[in-house]
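Trainee: Here's a structure for you.
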């Protein structure tokens with residue numbers, strides 16, 4: 001029996017998923033790690049924390065799966081982040097991850113230098129705070145000594161693959177999320193790199209996701225409890241990985257995800273960019289596919305913030321308790337609205353200086369009201385992204401629900417009501433990790449193509465239908481939500497100077 005290992009390097013934890021060729025999960029391991037905030041608006045992680053957590057997660061998954069040999073390893077990873085390594089392939093300082101908001105000025109400078117039209121034509125995306133492009137520009141300005149020591153610039157999952165194989169590289173999906181990449185040619189953009197005067201030697205070789213990028217080294221095999229020489233494929237970003245895990249390869253069916261962040265994802269057979277750059281066009285895992293995506297930054301992160309604020313961090317039942325409190329509150333949270341901009345926002349407002357807020361807070365509001373307002377605010381922000389997608393003629397006939405937030409029945413129902421669309425929840429779990437493992441299977445020929453792999457991952461769906469009365473109520477409430485950001489934007493920007 002073929003056994004495939006997928007490593008899903010998320011923002012708050014890493015998961016190791018072992019599957020067979022029918023995509024049945026044989027073992028799962030997971031370990032958390034912190035997000036460090038050395039200054040307001042900054043978000044960093046220690047790359048060694050990722051590696052140590054990966055070791056433990058793989059050992060746990062192997063124990064569950066029966067300690068049988070693994071045939072190939074693939075990756076899913078949090079996108080956009082920046083890891084600098086030196087000539088010894090060691091990290092230079094902490095990784096600056098996607099949630100970091102220090103680069104608002106660099107985002108504006110890059111947009112002015114390259115121009116909106118050229119960014120849309122080449123990169124398929126505007127730069128955003130937390131993207132590798134603005135981060136490297138910030139380092140050049142504020143920490144040039146660190147940048148001078150760098151011999152390569154990696155994305156998060158590429159660093160973990162480096163620890164497995166000793167080889168430096170990236171893949172087209174992750175590289176395209178940097179705003180320095182030519183999404184049509186699927187290579188680093190000479191035009192953008194030259195215009196920004198960025199060093200040539202920093203940019204690693206680019207693989208397609210299923211390309212074998214190296215083999216497991218002796219030293220890595222020893223600490224992981226695996227065999228030496230296992231093929232390791234390049235892997236991809238977490239969104240294309242969950243799409244592969246859900247069988248989303250061709251246009252028409254999209255996905256909606258609520259994890260730490262929130263995403264609306266739609267596959268494309270050709271790269272189509274939003275001319276106003278409110279959405280991102282990136283490379284998909286198959287070499288002949290792309291995807292258009294709207295991303296918000298603080299989806300599940302908002303509820304996690306509320307959990308931690310109320311001293312529930314160590315409570316394993318914290319989220320079910322918050323859901324139960326929210327379920328006891330009527331739709332609209334008794335007049336409480338939430339803007340989920342705790343670390344700025346991307347789609348569709350693209351504003352690193354946006355900030356979160358509760359509006360309408362009154363003495364009678366309690367924890368349940370705040371929890372429900374957060375769930376509804378995230379749903380409204382996702383509807384705003386969907387409205388932009390539909391406005392630029394992106395075909396989205398159905399939406400698959402993915403991510404931990406939408407596994408919760410209440411939040412899933414709220415989102416279905418706010419979008420006034422049914423949501424299809426796959427019965428299988430860990431779809432990003434499964435997708436990473438499946439991509440490894442494509443790489444070693446377990447599956448002859450992504451189309452064959454798709455047949456293995458398709459599972460029955462649980463359908464959540466919108467309630468017509470709540471949908472009508474939320475439609476009116478959504479209009480109030482849309483008024484808030486334009487009104488509060490000047491104050492938000494004044495407070496973040």
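Trainee: From the list 259, 247, 254, exactly one residue is touching a helix residue (DSSP H, G or I) at 6+ places or on another chain (Cβ under 6 Å), at pLDDT below 95, crowded, with 19+ Cβ neighbours inside 10 Å and within 18 Å of residue 454 (Cβ to Cβ). Which is it?
Mentor: Being touching a helix residue (DSSP H, G or I) at 6+ places or on another chain (Cβ under 6 Å), at pLDDT below 95, crowded, with 19+ Cβ neighbours inside 10 Å and within 18 Å of residue 454 (Cβ to Cβ) holds for just one of 259, 247, 254, which is 247.
Trainee: Next question. Quick check: anything in segment 93-104 in contact with a helix residue (DSSP H, G or I) (Cβ under 9 Å, 6 or more places away or on another chain), part of a loop (DSSP other than H, G, I, E, B), in contact (Cβ under 8 Å) with a residue 40 or more places away in the chain and more than 25 Å from residue 236 (Cβ to Cβ)?
Mentor: Yes: one or more hits.
Trainee: Scan 426, 352, 408 and give me the residue that is touching a residue at least 60 places away in the same chain (Cβ under 8 Å), closer than 30 Å to residue 2 by Cβ and under 23 Å from the mean Cα position of the chain (by Cα).
Mentor: 426
Trainee: Free of Cβ contacts under 8 Å to residues at least 24 places away in the same chain and either closer than 30 Å to residue 436 by Cα or out of contact with any strand residue (DSSP E or B) (no Cβ under 6 Å at 6 or more places or on another chain) (or both): does that describe residue 342?
Mentor: no
Trainee: Does residue 198 satisfy being buried (at least 20 other Cβ atoms within 10 Å of the Cβ), more than 21 Å from the chain's Cα centre (by Cα) and either more than 27 Å from residue 228 (Cα to Cα) or at pLDDT below 95 (or both)?
Mentor: It is false that residue 198 is buried (at least 20 other Cβ atoms within 10 Å of the Cβ), more than 21 Å from the chain's Cα centre (by Cα) and either more than 27 Å from residue 228 (Cα to Cα) or at pLDDT below 95 (or both).
Trainee: Residue by residue through segment 15-31, note down the ones that are under 11 Å from residue 457 (Cα atoms) and either surrounded by 24 or more Cβ atoms within 10 Å (Cβ to Cβ) or out of contact with any strand residue (DSSP E or B) (no Cβ under 8 Å at 6 or more places or on another chain) (or both).
Mentor: Residues satisfying the conditions are 19, 22, 23, 24.
Trainee: Would you mind stating whether residue 70 is crowded, with 17+ Cβ neighbours inside 10 Å and part of a loop (DSSP other than H, G, I, E, B)?
Mentor: The answer is yes for residue 70.
Trainee: Residues that are surrounded by 12 or more Cβ atoms within 10 Å (Cβ to Cβ), under 24 Å from the mean Cα position of the chain (by Cα), outside any loop (DSSP other than H, G, I, E, B) and touching a residue at least 12 places away in the same chain (Cβ under 8 Å): does segment 466-481 have at least one?
Mentor: No, that holds for no residue.
Trainee: Which of the numbered conditions does residue 166 fail, given that it passes all the others? Conditions: (1) touching a strand residue (DSSP E or B) at 6+ places or on another chain (Cβ under 6 Å); (2) surrounded by fewer than 23 Cβ atoms within 10 Å (Cβ to Cβ); (3) touching a residue at least 24 places away in the same chain (Cβ under 8 Å).
Mentor: Only one criterion in (1) touching a strand residue (DSSP E or B) at 6+ places or on another chain (Cβ under 6 Å); (2) surrounded by fewer than 23 Cβ atoms within 10 Å (Cβ to Cβ); (3) touching a residue at least 24 places away in the same chain (Cβ under 8 Å) is unmet by residue 166, namely (1).
Trainee: Considering only segment 415-442, how many residues are surrounded by 24 or more Cβ atoms within 10 Å (Cβ to Cβ), within 18 Å of residue 471 (Cβ to Cβ) and out of contact with any strand residue (DSSP E or B) (no Cβ under 7 Å at 6 or more places or on another chain)?
Mentor: 2
Trainee: Of (1) touching a helix residue (DSSP H, G or I) at 6+ places or on another chain (Cβ under 6 Å); (2) under 30 Å from residue 380 (Cα atoms); (3) outside any helix (DSSP H, G or I), residue 447 satisfies all except one. Which?
Mentor: Here residue 447 clears every test but (2).
Trainee: Sort through 108, 53 and tell me the only one that's in a helix (DSSP H, G or I) and crowded, with 17+ Cβ neighbours inside 10 Å.
Mentor: Among 108, 53, only 53 is in a helix (DSSP H, G or I) and crowded, with 17+ Cβ neighbours inside 10 Å.
Trainee: From 312, 375, which residue is modelled with pLDDT of 95 or more, under 15 Å from residue 405 (Cα atoms) and in contact with a helix residue (DSSP H, G or I) (Cβ under 6 Å, 6 or more places away or on another chain)?
Mentor: Checking each option against the conditions leaves just 375.
Trainee: Scan segment 360-384 for residues that are on the phi < 0 side of the Ramachandran plot, in a loop (DSSP other than H, G, I, E, B) and either touching a strand residue (DSSP E or B) at 6+ places or on another chain (Cβ under 6 Å) or surrounded by 19 or more Cβ atoms within 10 Å (Cβ to Cβ) (or both) and report the count.
Mentor: The number of residues fulfilling the criteria is 0.
Trainee: To continue, here is another question. Is it true that residue 460 is within 24 Å of residue 278 (Cα to Cα) and out of contact with any helix residue (DSSP H, G or I) (no Cβ under 9 Å at 6 or more places or on another chain)?
Mentor: Spelling it out, it is not the case that residue 460 is within 24 Å of residue 278 (Cα to Cα) and out of contact with any helix residue (DSSP H, G or I) (no Cβ under 9 Å at 6 or more places or on another chain).
Trainee: Looking at segment 291-320, I want the residues that are surrounded by fewer than 16 Cβ atoms within 10 Å (Cβ to Cβ) and have a partner that is modelled with pLDDT of 95 or more and not in a loop (DSSP other than H, G, I, E, B) with Cβ atoms under 7 Å, at least 6 apart or on another chain. Which pairs are those?
Mentor: Once the first residue is surrounded by fewer than 16 Cβ atoms within 10 Å (Cβ to Cβ) and sits in segment 291-320, its partners that are modelled with pLDDT of 95 or more and not in a loop (DSSP other than H, G, I, E, B) give 310/367; 313/307.
Trainee: Looking only at segment 387-408, count how many residues are in contact with a strand residue (DSSP E or B) (Cβ under 8 Å, 6 or more places away or on another chain), in a helix (DSSP H, G or I) and surrounded by fewer than 22 Cβ atoms within 10 Å (Cβ to Cβ).
Mentor: Residues meeting the conditions: 4.
The values are calculated or read from the model by the stated rules, or taken from the named source; none is laboratory data. Predicted model only: the values in this text are computed from it and were never measured. Neighbour counts run over all protein chains shown; Cβ positions are idealised from the backbone, glycine included.
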